[in-house]
Every structure is written in structure tokens, then in C-alpha cells.
Amino acid sequence: MLKYIVIFGVICLLVFAEWMREIHTFKITNYHITSKKLKGLKKERKVVFLSDLHSCCYGVNNEKLIRAIKKENPDYILVAGDMIVAKPGATTDIACAFLKELAEISEVYFANGNHEQRMKENTKMFGNTFTEFQKRMTEYGIK
């Protein structure tokens, strides 16, 4: 019996360690894309692609992630959604502050993920949270 308790404890510890790693780190992957369809461009473009941050914050006010993005010096920033977490009472403040910083770095294009879409479609549960989120993005110049 003790053996099973120890095994269960180790599994719980490993799951907790992985969860902590996931919410406190981010990964940068670089791709160089070539295509005949892009030959008309006068110069190469650098794009930062972000998704699924789920209101996580990397450093105070996301400074670690902002610094990494600035270092890349992107021409465009594409956000594929899930910057927020759709659960009752959740705030969009972390995501909004982060998106405002992004808009000061480069042009930002945003698409809803399933969390934003859930907030948009279920006003009974989330009220006008999505509308306010969208309004703030428009104010920042995010397309």
C-alpha cells in the first residue's frame, strides 16, 4: 500500500512540476519560409505569431515576453487567440495590457480563439466582457 502512495505522490509532483513549467515559460521557435508567391516582396518580413497565453503573465506585466518580442523586431504580430480565459468573473486586464504593449512594437492582427469566441457568443454568462475587450483592442489600433 505504501508503494502505491509513494507512486501516486511522485506522479502528483511531476504533474505539478509540468504545470508550473508550462505557466512560467514560453517557447520561441524560428521558421524561415520561402515561397514563389512571396517573391514579389521587396524585402523579407519578420512575423511574431502568438497564441494560447490564457491570461498568463511572464514576468511583471509580461516584461519577459515583451522583451523577447522586441528583440525579434517584427514587422507584424499575429495573435491567434486565447489570450484570455473564458470563465465567469475572469478579467481581460492582463491580456489587454499585453496587447497594448504589442501595438507599440508593431502592427498587430488578432483572431478570436475558442475562449474569446465563447465570451462573444455567451453574453448571458459573460455579459459585455468580450465587447469591452474588443473595444480596447480597437483603441490600441489592433486589427
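The values are calculated or read from the model by the stated rules, or taken from the named source; none is laboratory data. Not measured: the values here are computed from a predicted model. SASA here: full protein model, heavy atoms, side chains in, ligands and nucleic acids out. Shrake-Rupley method; radii C 1.70, N 1.55, O 1.52, S 1.80 Å.
Figures for the structure shown
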read-out	value
Accessible-area order (highest first, 1.4 angstrom probe) of the listed residues Tyr58, Tyr4	Tyr4, Tyr58
Under the span-like rule (Cα at least 27 Å along the axis, Kyte-Doolittle mean at least 0.0), DSSP H helices of the chain	2-24
Solvent-accessible area per residue, Å², over region 54-139 with all protein chains present [probe radius 1.4 Å]	55 Å²
Solvent accessible area, Å² - Ile66, 1.4 Å probe, full protein context	10 Å²
Surface share of carbon and sulfur [accessible, 1.4 angstrom probe, percent] for region 60-140	48 percent
Solvent-accessible area of Lys3 with every protein chain in place, 1.4 Å probe, in Å² to the nearest 10	130 Å²
Range of Cα positions in the chain per principal axis (Å), largest first	69, 41, 30
Which listed pairs, of Lys46/Lys87; Lys27/Lys70; Lys39/Lys70; Lys39/Lys100; Lys36/Lys143; Lys37/Lys135, have C-alpha distances above 24 Å, in listed order	Lys46/Lys87; Lys39/Lys70; Lys39/Lys100; Lys36/Lys143; Lys37/Lys135
Helical mean residue ellipticity (222 nm; -39500 (n - 2.57) per DSSP H run of 4+; nearest 500) of the chain	-15000 deg cm²/dmol
